[in-house]
Amino acid sequence: MAERTASNELRVAVAGLGSIGTKIAAALDQGIEGLTLSAVAVRDPAKHQKLLGSLRRAPSVLPLDQLGDAADIVVECAPSSQLRAIVEPAVKRGRAAVVVSVGGLLDNFDLVDLARANGGRILVPTGALIGLDAVNAAAIGTIHSVKMVTRKPIDGLKGAPFIVQNNIDIDNLREPLKLFEGTAREAAKGFPANLNVAVALSLAGVGPDRTQVQIWADPTVTRNVHRIEVESDSARFSMSIENVPSENPKTGLITALSVIALLRKQRTTLSVGT
């Protein structure tokens, strides 16, 4: 592992200071037991000078491929196109990488083998999906089926490749419209900024090709709404969550909080949940 600080704290680097990364960096700076914010990577440091200047302890500002030298844990909070550039150098050095853009992991799944070969780890936070622990537990036995139905406000879906490629007009919708029905793998390709939750669900359960997903554009909702139904040999359960969008309408506010909760579990004395 990387050299620790004098107090034996784990060093954390944050790649990307958008709506998610900013909250994580601020939480680390304010204090998380056993952790310290050691570095950040941003495309335009000048744009984030006010935030960086407000931190009690200024982190190093480094290129993406150097974060693994400055941290034990690298948190990816960037567009999915940057996932490999962030995760690969970190896991090659035997570090842990927290992946927020988990949809992008499907196209870069060799990173899991790379991490295994070098003693690294890839950690996927629960994000917007309550009950992921239950899916993980059910997968130890046999899961028969997993289905997720997602309903999002119009602004949260604009620009998605599936909508653009199929020339679907969602701007003037007055009632819910089912945009997509298929597998989690297909959903991740068509809606890369929206369906990290579906990919996380699939990786916890029966995989991206057996997890069924529906996506609705819904002008009647103001939150990102997910409903999951699971049938297994140990339990039948369903869960619903309505997530408040963050400053970025494609991302729920709870996503950043989920990463912070995951980071807390790395060194906390009492850890609740599998």
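Dipole of the chain, Cα-centred, from +1 at each Lys and Arg C-beta and -1 at each Asp and Glu C-beta, to the nearest 20 debye?
Details: 30 positive and 27 negative charges, 99 e Å.
The calculated dipole for the chain is roughly 480 debye.
Bridgeable lysines around Lys47 (alpha carbons under 26 Å apart, same-chain partners fewer than 8 residues away excluded): Lys23, Lys158, Lys250. The modelled label-to-label distance between Glu242 and Arg264, using points 7 Å beyond Cα along the C-beta direction, is 2.5 nm. Here the 3J(HN,Hα) profile of the range 93-100, calculated from phi with Karplus coefficients 6.51, -1.76 and 1.60 at θ = phi - 60°, is 8, x, 8, 9, 10, 8, 9, 8 Hz, Gly and Pro shown as x. Projected onto the charge dipole of the range 144-195 (+1 at Lys/Arg Cβ, -1 at Asp/Glu Cβ, origin at the Cα centre), which of Phe180, Ala160, Val149 gives the Cα projection farthest towards the positive end? Most positive-ward Cα: Val149. The charge dipole of the range 25-157, taken about its Cα centre with unit charges on the Cβ of Lys, Arg, Asp and Glu (plus for the first two, minus for the last two), comes to roughly 220 debye. Calculate, in whole percent, how much of the Cα-Cα pair population of the range 185-231 lies beyond 18 Å. Looking at the range 185-231, the distances longer than 18 Å represent 28 percent of pairs. Couplings 3J(HN,Hα) of the range 252-264, computed from phi: x, 4, 6, 4, 4, 5, 5, 5, 4, 5, 5, 5, 4 Hz, in residue order, whole Hz [Karplus 6.51 cos²θ - 1.76 cosθ + 1.60, θ = phi - 60°; x for Gly and Pro].
What does the extension gain come out to for Lys47 and Glu229, with contour length at 0.36 nm per residue minus their alpha carbon separation?
Values: separation 182, 0.36 × 182 = 65.52 nm, distance 4.26 nm.
Contour length minus Cα-Cα distance gives 61.3 nm.
Of the solvent-accessible surface of the range 1-158, computed with a 1.4 Å probe and all protein chains present, 50% belongs to carbon and sulfur. Bridge orientation summary for the chain: considering DSSP beta bridges with both residues in this region, about 50 percent are antiparallel. The simple spin-label model puts a point 7 Å past each Cα toward its Cβ; for Ala58 and Arg116 those points are separated by 4.3 nm. The value given for the range 205-274 is a Kirkwood hydrodynamic radius of 15.1 Å, derived from the mean inverse Cα-Cα separation. Here the Karplus curve 6.51 cos²θ - 1.76 cosθ + 1.60, taken at θ = phi - 60°, turns the phi angles of the range 240-247 into couplings of 10, 9, 10, 9, 6, x, 7, 4 Hz, with x standing for Gly and Pro. Average accessible surface for the range 123-195: 50 Å² per residue, computed with a 1.4 Å probe over protein heavy atoms with every protein chain in place. Counting only heavy atoms of the protein chains and using a 1.4 Å probe, Thr126 has close to 50 Å² of accessible surface.
With a ≥ b ≥ c the root eigenvalues of the C-alpha gyration tensor of the range 1-105, is it rounded (a/c under 1.5), prolate (a/b larger than b/c) or oblate?
Verdict is oblate for the range 1-105.
Taken over the range 109-187, the convex hull of the Cα atoms encloses 158 Å³ per residue.
Between the range 42-81 and the range 225-255, the alpha-carbon centres lie 29 Å apart. Counting only protein heavy atoms and using a 1.4 Å probe, the accessible area of Ser246 comes to about 20 Å².
Where Rh denotes the Kirkwood radius from the mean inverse Cα pair distance, what is Rg over Rh for the range 89-151? Before the final figure, lay out each step's value.
Values: Rg = 14.0 Å, Rh = 13.5 Å.
On the Cα set of the range 89-151, Rg over Rh gives 1.04.
How about the range 1-71: which GluC sites (Glu not before Pro) there lie in a loop by DSSP and see at most 12 other Cβ atoms within 10 Å? Qualifying residues, ordered by number: Glu3, Glu33. If you bin the C-alpha pair distances of the chain every 10 Å from 0, what whole percents do you get? All Cα pairs, binned at 10 Å, distribute as 7, 29, 35, 22, 7, 0 percent. Less than 5 angstrom separates the built amide H of Ala97 from those of Val74, Arg121, Ile122, Leu123, all sequence-distant by 5 or more or on a different chain. Amide H to amide H, with H built 1.01 Å from N, Trp216 comes under 5 Å of Thr150, Arg151, Lys152, Leu179, counting only residues 5 or more places away or on other chains. Each 5 Å bin from zero up to the one holding the largest Cα-Cα distance in the range 157-274 carries the following percent of pairs: 2, 9, 17, 21, 20, 15, 9, 4, 2, 1, 0. Label separation (Leu173 vs Ser81): 2.5 nm, computed from points 7 Å beyond Cα along the C-beta direction.
For the range 189-274, which whole percent of the accessible surface, found with a 1.4 angstrom probe, sits on carbon and sulfur atoms?
Numbers: 2160 of 4140 Å².
Of all accessible area on the range 189-274, carbon and sulfur atoms account for 52 percent.
Calculated from DSSP H runs of 4 or more alone, at -39500 (n - 2.57) each and per residue, what is the 222 nm mean residue ellipticity of the chain, nearest 500? Working shown, then result.
Values: 10 runs with 84 residues, N = 274.
Computed mean residue ellipticity for the chain: -8500 deg cm²/dmol.
The values are calculated or read from the model by the stated rules, or taken from the named source; none is laboratory data. Because the structure is predicted, anything quoted here is derived from the model rather than measured. Methodologically, a virtual Cβ is constructed for each residue, glycine included, from the backbone with ideal geometry; neighbour enumeration extends over all protein chains shown. Calculation scope for accessible area: heavy atoms of the full protein, side chains included, ligands and nucleic acids excluded. Shrake-Rupley method; radii C 1.70, N 1.55, O 1.52, S 1.80 Å.
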